[in-house]
1. What's the number of the condition residue 128 fails, among (1) touching a residue at least 40 places away in the same chain (Cβ under 8 Å); (2) farther than 21 Å from residue 11 by Cβ; (3) not β-branched (Val, Ile, Thr)?
2. Please verify whether the stretch 136-155 includes one or more residues that are surrounded by fewer than 23 Cβ atoms within 10 Å (Cβ to Cβ), touching a Phe, Trp or Tyr at 6+ places or on another chain (Cβ under 8 Å), modelled with pLDDT of 95 or more and not hydrophobic (A, V, I, L, M, F, W, C).
3. Quick check on my filter: what residues within the stretch 249-285 are farther than 27 Å from residue 151 by Cα and at pLDDT below 95?
4. Restricting to the stretch 31-61, name every residue that is in a strand (DSSP E or B), of a type outside the set (D, E, K, R) and out of contact with any His (no Cβ under 9 Å at 6 or more places or on another chain).
5. Which residues, taken from the stretch 112-145, are in a helix (DSSP H, G or I), aliphatic (A, V, I, L, M) and more than 26 Å from residue 72 (Cα to Cα)?
6. What number of residues within the stretch 19-40 satisfy the criterion of being over 14 Å from the mean Cα position of the chain (by Cα) and within 13 Å of residue 71 (Cα to Cα)?
7. Between a residue in the stretch 202-228 that is closer than 19 Å to residue 33 by Cβ and at pLDDT below 95 and any residue that is assigned to a loop (DSSP other than H, G, I, E, B) and among the acidic types (Asp, Glu), which pairs come within a Cβ distance under 9 Å, given they are 6 or more apart or on different chains?
8. When you go through (1) within 19 Å of the chain's Cα centre (by Cα); (2) under 21 Å from residue 254 (Cα atoms); (3) part of a loop (DSSP other than H, G, I, E, B) one by one for residue 3, which number turns out not to apply?
Amino acid sequence: MLFKFSKKQEIFDIAGVRIGGQPGEIRTVLVGAIFYKNHSIVTDEQKGTFNKSLAEELIVKQEELSDETGNQHFVQIFALTPEAMTNYIDFVSEITNAPFLIDSISSDVRIAGATHACEVGLSNRAIYNSINVGIEDIEIDKIRELKVESAIVLAFSPKGFDVKGRIYILDNGDGIRDKGLIDIARECGITKPLIDVAVTLIGQGAGAAIRASYVVKAKWGYPVGGGIYNAAASWEKLRNYEKEYREYCCVGANVIQQMVGGNFILYGPIEKSPKVFPLVAFADGIIAEASKDIRIKP
């Protein structure tokens, strides 16, 4: 990689984790998911009960790898109910000082998580996931009321899986919303937006999502990233290969996001951390070395 954005690249500090900047300036932040659907450590998805010793091992391992490689980390917390989200946040926040993503398919659960985080003094570590095309007014009002600072802004438009669709939904609402998601994020009081380019399936816009990473950074200068792991894991052709080889592809795919200037990677299940962190750290080293030639100071 040998390029530098003319647009000023924002660097945000989220509870001590610096994220953003020019390619090669700051190491890639890695985000491991825990308590996700069918996660083996969860015993009751509704109540949010789980094997605490195994969960602690996973989080501690990610933190150890972060310390070893220099790649900072977030924990992506997924929950199905408000009760589960509250339990998960309390547990994760005791094990690590890292920021965490509040993630759910339900806006009620996301709001409950953000509310709880603010009530117990964790608002500076909470990252709302996400501000997306389907966000409702009640959710916007609640986020603003809670004074959450950071959120994932999901660049997905159901009208188009190309680069234009992703940029338009951020910029002007793509004819679906009356304003773009970046303006909606500002309306929510978000001062540290993290743009997720919404990696879709191969053949359905995965490549466009990667291209959109350039455009987002060139246009707004915000930290950008995504979960390219999903594109690899869902690739039909990979099912013809043994699990070991499928794993190579899923882990290796993360480098693609780095090579287009990505600042963070949602790398999938937190169990993958021992494979992901060394690979991403190596790629960061190559990018930083290359970037010195164009006067970017790592």
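1. (2)
2. no
3. 249
4. If the condition is that a residue be in a strand (DSSP E or B), of a type outside the set (D, E, K, R) and out of contact with any His (no Cβ under 9 Å at 6 or more places or on another chain), then 34, 42, 43, 49 are the ones that fit.
5. If the condition is that a residue be in a helix (DSSP H, G or I), aliphatic (A, V, I, L, M) and more than 26 Å from residue 72 (Cα to Cα), then 112, 138, 140 are the ones that fit.
6. 4
7. Qualifying pairs under 9 Å: none.
8. So the condition that residue 3 fails would be (1).
The values are calculated or read from the model by the stated rules, or taken from the named source; none is laboratory data. From a predicted model like this one, the values you see are computed outputs, not experimental measurements. In this analysis, Cβ positions are derived from the backbone assuming ideal geometry, glycine residues included, and neighbour counts consider all displayed protein chains.
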